1. State all residues of region 9-62 that are of a type in the set (Lys, Arg) and farther than 30 Å from LYS109 by Cα; if no residue qualifies, say none.
2. Can you tell me which residue in region 46-81 is surrounded by the fewest Cβ atoms within 10 Å (Cβ to Cβ), limited to those that are within 30 Å of TYR10 (Cα to Cα) and touching a helix residue (DSSP H, G or I) at 6+ places or on another chain (Cβ under 7 Å)?
3. Of all residues in region 56-90, count the ones that are of a type in the set (Val, Ile, Thr) and touching a residue at least 24 places away in the same chain (Cβ under 8 Å).
4. Which of the numbered conditions does ARG105 fail, given that it passes all the others? Conditions: (1) surrounded by 13 or more Cβ atoms within 10 Å (Cβ to Cβ); (2) closer than 13 Å to THR63 by Cα.
5. Of all helices (runs of 4 or more DSSP H) completely enclosed by region 25-121, which ones contain at least 2 residues that are within 28 Å of LYS3 (Cα to Cα)?
6. Which condition does ILE13 not pass, out of (1) modelled with pLDDT under 95; (2) of a type in the set (A, V, I, L, M, F, W, C); (3) out of contact with any Lys or Arg (no Cβ under 8 Å at 6 or more places or on another chain); (4) surrounded by 13 or more Cβ atoms within 10 Å (Cβ to Cβ), if it passes all the others?
7. Taking only region 25-43 into account, find how many residues are more than 30 Å from VAL117 (Cβ to Cβ) and under 27 Å from the mean Cα position of the chain (by Cα).
8. Any residue at all in region 56-74 that's of a type outside the set (Phe, Trp, Tyr) and over 23 Å from the mean Cα position of the chain (by Cα)?
Amino acid sequence: MQKIMNEAEYEAIMQRIDELVEIVDDNTNKTDKNYIELDILSDLVVDYEKEHYPVKKPLLVDTVKLRMYEMNLNQAKLAAILGVSSSRVSEYLTGKSEPTLKVARNISKKLNISANVVLGV
(Lines give C-alpha, C1' and ligand atoms only; values in the text may rest on other atoms or scores of the structure.)
Protein backbone atom coordinates (compact mmCIF):
# COMPACT_ATOMS: atom_id res chain seq x y z
CA MET A 1 0.00 0.00 0.00
CA GLN A 2 1.49 3.31 -1.07
CA LYS A 3 -1.35 5.63 -0.12
CA ILE A 4 -4.59 5.57 1.84
CA MET A 5 -7.34 5.89 -0.75
CA ASN A 6 -10.48 6.57 1.29
CA GLU A 7 -11.96 7.12 4.73
CA ALA A 8 -12.70 3.41 5.24
CA GLU A 9 -9.04 2.52 4.74
CA TYR A 10 -8.05 5.39 7.01
CA GLU A 11 -10.35 4.15 9.80
CA ALA A 12 -9.12 0.55 9.46
CA ILE A 13 -5.50 1.68 9.62
CA MET A 14 -6.22 3.87 12.64
CA GLN A 15 -7.69 0.83 14.43
CA ARG A 16 -4.59 -1.20 13.57
CA ILE A 17 -2.37 1.59 14.85
CA ASP A 18 -4.30 1.56 18.14
CA GLU A 19 -3.59 -2.18 18.41
CA LEU A 20 0.08 -1.73 17.61
CA VAL A 21 0.54 1.09 20.10
CA GLU A 22 -0.39 -1.40 22.83
CA ILE A 23 2.36 -3.75 21.65
CA VAL A 24 5.18 -1.39 20.64
CA ASP A 25 7.00 0.77 23.17
CA ASP A 26 10.30 2.61 23.51
CA ASN A 27 12.10 -0.67 24.18
CA THR A 28 10.84 -2.42 21.05
CA ASN A 29 13.61 -3.29 18.63
CA LYS A 30 13.43 -1.30 15.40
CA THR A 31 13.65 -4.52 13.42
CA ASP A 32 10.55 -5.94 15.14
CA LYS A 33 7.73 -6.55 12.63
CA ASN A 34 5.21 -4.67 14.80
CA TYR A 35 7.53 -1.68 15.08
CA ILE A 36 8.04 -1.63 11.31
CA GLU A 37 4.32 -1.97 10.63
CA LEU A 38 3.51 0.84 13.05
CA ASP A 39 6.13 3.07 11.44
CA ILE A 40 4.81 2.45 7.92
CA LEU A 41 1.16 2.89 8.87
CA SER A 42 1.92 6.06 10.82
CA ASP A 43 3.59 7.58 7.76
CA LEU A 44 0.57 6.69 5.62
CA VAL A 45 -1.77 8.32 8.12
CA VAL A 46 0.32 11.48 8.29
CA ASP A 47 0.22 11.83 4.52
CA TYR A 48 -3.54 11.19 4.40
CA GLU A 49 -4.25 13.69 7.20
CA LYS A 50 -2.13 16.38 5.57
CA GLU A 51 -4.23 16.04 2.43
CA HIS A 52 -7.69 15.54 3.95
CA TYR A 53 -7.46 17.28 7.34
CA PRO A 54 -5.02 20.14 6.87
CA VAL A 55 -4.27 22.29 9.88
CA LYS A 56 -4.85 25.92 9.05
CA LYS A 57 -2.55 28.61 10.29
CA PRO A 58 -4.02 30.37 13.31
CA LEU A 59 -5.48 33.80 12.74
CA LEU A 60 -4.13 36.65 14.84
CA VAL A 61 -7.62 37.60 16.02
CA ASP A 62 -8.33 34.09 17.27
CA THR A 63 -4.93 33.83 18.92
CA VAL A 64 -5.32 37.17 20.69
CA LYS A 65 -8.80 36.22 21.91
CA LEU A 66 -7.46 32.93 23.25
CA ARG A 67 -4.59 34.69 25.00
CA MET A 68 -7.02 37.24 26.47
CA TYR A 69 -9.03 34.35 27.89
CA GLU A 70 -5.92 32.62 29.23
CA MET A 71 -4.64 35.81 30.83
CA ASN A 72 -8.10 36.87 32.06
CA LEU A 73 -7.95 40.13 30.10
CA ASN A 74 -10.80 42.26 28.86
CA GLN A 75 -10.44 44.77 26.04
CA ALA A 76 -9.63 47.62 28.43
CA LYS A 77 -6.83 45.66 30.11
CA LEU A 78 -5.46 44.55 26.75
CA ALA A 79 -5.56 48.15 25.52
CA ALA A 80 -3.51 49.25 28.52
CA ILE A 81 -0.96 46.48 27.95
CA LEU A 82 -0.60 47.34 24.27
CA GLY A 83 -0.66 51.11 24.77
CA VAL A 84 -3.68 51.70 22.50
CA SER A 85 -7.30 52.69 23.05
CA SER A 86 -10.05 50.18 23.80
CA SER A 87 -11.76 51.14 20.57
CA ARG A 88 -8.57 50.31 18.65
CA VAL A 89 -8.43 46.89 20.33
CA SER A 90 -12.06 46.40 19.31
CA GLU A 91 -11.11 47.19 15.70
CA TYR A 92 -8.30 44.62 15.84
CA LEU A 93 -10.59 41.96 17.30
CA THR A 94 -13.32 42.52 14.70
CA GLY A 95 -10.87 42.67 11.80
CA LYS A 96 -11.72 46.28 10.95
CA SER A 97 -8.07 47.29 11.21
CA GLU A 98 -4.63 45.75 11.45
CA PRO A 99 -2.16 46.59 14.20
CA THR A 100 0.77 48.83 13.39
CA LEU A 101 4.23 47.30 13.45
CA LYS A 102 4.81 48.75 16.92
CA VAL A 103 1.56 47.29 18.25
CA ALA A 104 2.26 43.98 16.50
CA ARG A 105 5.61 43.84 18.24
CA ASN A 106 3.90 44.50 21.59
CA ILE A 107 1.33 41.80 20.89
CA SER A 108 4.13 39.35 20.22
CA LYS A 109 6.21 40.30 23.26
CA LYS A 110 3.59 41.11 25.88
CA LEU A 111 1.12 38.36 25.00
CA ASN A 112 3.83 35.82 24.12
CA ILE A 113 2.41 35.17 20.65
CA SER A 114 4.76 34.00 17.93
CA ALA A 115 5.85 36.75 15.56
CA ASN A 116 4.92 34.42 12.69
CA VAL A 117 1.29 34.40 13.86
CA VAL A 118 1.28 38.15 14.43
CA LEU A 119 2.70 38.80 10.97
CA GLY A 120 0.52 36.15 9.33
CA VAL A 121 3.49 34.13 8.09
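1. ARG16, LYS30, LYS33, LYS50
2. PRO58
3. Looking only at that region, the number is 4.
4. (2)
5. Qualifying helices (runs of 4 or more DSSP H): 33-52.
6. (1)
7. 6
8. Within region 56-74, one or more residues are of a type outside the set (Phe, Trp, Tyr) and over 23 Å from the mean Cα position of the chain (by Cα).
The values are calculated or read from the model by the stated rules, or taken from the named source; none is laboratory data. Computed from a predicted structure; not experimentally measured. Counting neighbours? That spans all protein chains shown, and the Cβs are built from the backbone with ideal geometry, glycine included.
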